[in-house]
Amino acid sequence: MPRPGLPRGRASPVGRVALILALALTSILSVLSLFVGVGAVTPERLWAGGEERQALQILLVSRLPRTLALLLAGASLAVAGLLMQTLVRNRFVEPSTAGTTESASLGFLTATLLVPSWPVMAKMGIAALFAFAGTALFLRILRAVPLRDAMLVPLVGLMLGGVIGAVTTFLAYRFGLLPSLLAWTTGDFSGVLRGRYELLWLGLGAAILAMLLADRFTLAGMGRDVATSLGLSHESVLAMGLALVSTIAAVTLVSVGAIPFLGLVVPNVVSLLVGDNMRLTVPWVAVLGALFVLACDLLGRLLRYPYEIPVGTMVGVLGSALFLALILKGRDRHA
């Protein structure tokens, strides 16, 4: 029996089959990802000896870490989007539409300027703190501004992100770090190697914690009065959720760059298939997030082979189109 007050899942047999097929497709694409690239890596070369052992080295040093990074980043960012939508109670919010990603970029740039000798983990922590502050500011603005239309919420976030992004760009230009800023704001997995992606496991840990605390976040998303009446500290749970989202955004930014609209599209698609019960949807959001990023990366590698289109560009194009479709569908529903 689901707890009183929690939304029920409405998973249909067709939806369950579709999601199981998505899991199978993710496994297939993960294997395919190991053998797509400029360097020739085939099953035959992997078992060959002598100079052909180079294929095994490419697989272990580059292809396998890249595939793991794709799965980890896609799953964690999709869960972060679901968590933000639950807490804000708006289907059109995610880190790239709430100023979270831009705040993380500003934090990472600030750490690079002020403490360049610090390890990447410490800089990531500063980026997470900035992301937390930027997201909290976004929520504070939402409380102060009367919003009569749900579509205004992401617009407020996009405007806030634009202001923060402008400040970040100015600082990067002033100190000659525009190329570095471009690398941070464009999701690209071509440079992922063993030893340079492991921070993404922290994002997966945050996503798992979000799944374990899904009921608390769902209750907090129902509002302060409902959460308090059920004995839940609304502010504490909200702060915990923002901390998880900020950690995922910062880890992804530092490791592979920003990937826009992923956390917006995937949770909405899963909601149509399974329902609004966060505890039920988190695993499927993670699976579809990983599948979406993996498919976009493979498509980017094949469209202009042997050159690559960054996965951030592919996800941004497809995600923005789906974002507009969701907005238009929402307006038609309320018309």
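Some observations on this one:
- Residues located in region 233-246, provided they are crowded, with 17+ Cβ neighbours inside 10 Å and either touching a strand residue (DSSP E or B) at 6+ places or on another chain (Cβ under 8 Å) or of a type in the set (A, V, I, L, M) (or both): Val237, Leu238, Met240, Leu242, Ala243, Leu244, Val245
- Flag if Phe132 is in a loop (DSSP other than H, G, I, E, B) and not aliphatic (A, V, I, L, M): no
- Residue count for region 203-250, restricted to those that are farther than 22 Å from Thr281 by Cβ and under 17 Å from the mean Cα position of the chain (by Cα): 1
- Just one residue in the set Ser105, Ser96 is in contact (Cβ under 8 Å) with a residue 12 or more places away in the chain, under 30 Å from Asp276 (Cβ atoms), assigned to a helix (DSSP H, G or I) and in contact with a helix residue (DSSP H, G or I) (Cβ under 9 Å, 6 or more places away or on another chain); that residue is Ser96.
- When residues in region 185-216 are screened for being over 11 Å from Ala73 (Cβ atoms) and of a type in the set (A, V, I, L, M), 10 of them pass.
- Taking the conditions (1) more than 19 Å from Ala78 (Cβ to Cβ); (2) touching a Phe, Trp or Tyr at 6+ places or on another chain (Cβ under 9 Å) in turn, Ala258 satisfies each one other than (1).
- Every residue from region 184-215 that is in a helix (DSSP H, G or I) and free of Cβ contacts under 8 Å to residues at least 24 places away in the same chain: Gly205, Ile208, Leu212
- Options Leu82, Leu87, Leu70; residue that is assigned to a helix (DSSP H, G or I), modelled with pLDDT under 90 and under 26 Å from Val269 (Cβ atoms): Leu87
- Residue satisfying all of: in region 84-96; within 12 Å of Ala249 (Cα to Cα) and not acidic (Asp, Glu); surrounded by the most Cβ atoms within 10 Å (Cβ to Cβ) among these: Pro95
- Test: residue in region 181-188 that is of a type in the set (Phe, Trp, Tyr), surrounded by fewer than 22 Cβ atoms within 10 Å (Cβ to Cβ) and within 18 Å of the chain's Cα centre (by Cα): no
- Lone qualifier among Ala321, Ala295 - being surrounded by fewer than 24 Cβ atoms within 10 Å (Cβ to Cβ) and at pLDDT 90 or above: Ala295
- Any hit, region 136-154, residues being touching a Ser or Thr at 6+ places or on another chain (Cβ under 7 Å) and modelled with pLDDT under 90: yes
The values are calculated or read from the model by the stated rules, or taken from the named source; none is laboratory data. A quick note: this is a predicted structure, and the numbers were derived from the prediction, not measured. No Cβ is skipped: glycine too gets one built from the backbone with ideal geometry, and neighbour counts run over all protein chains shown.
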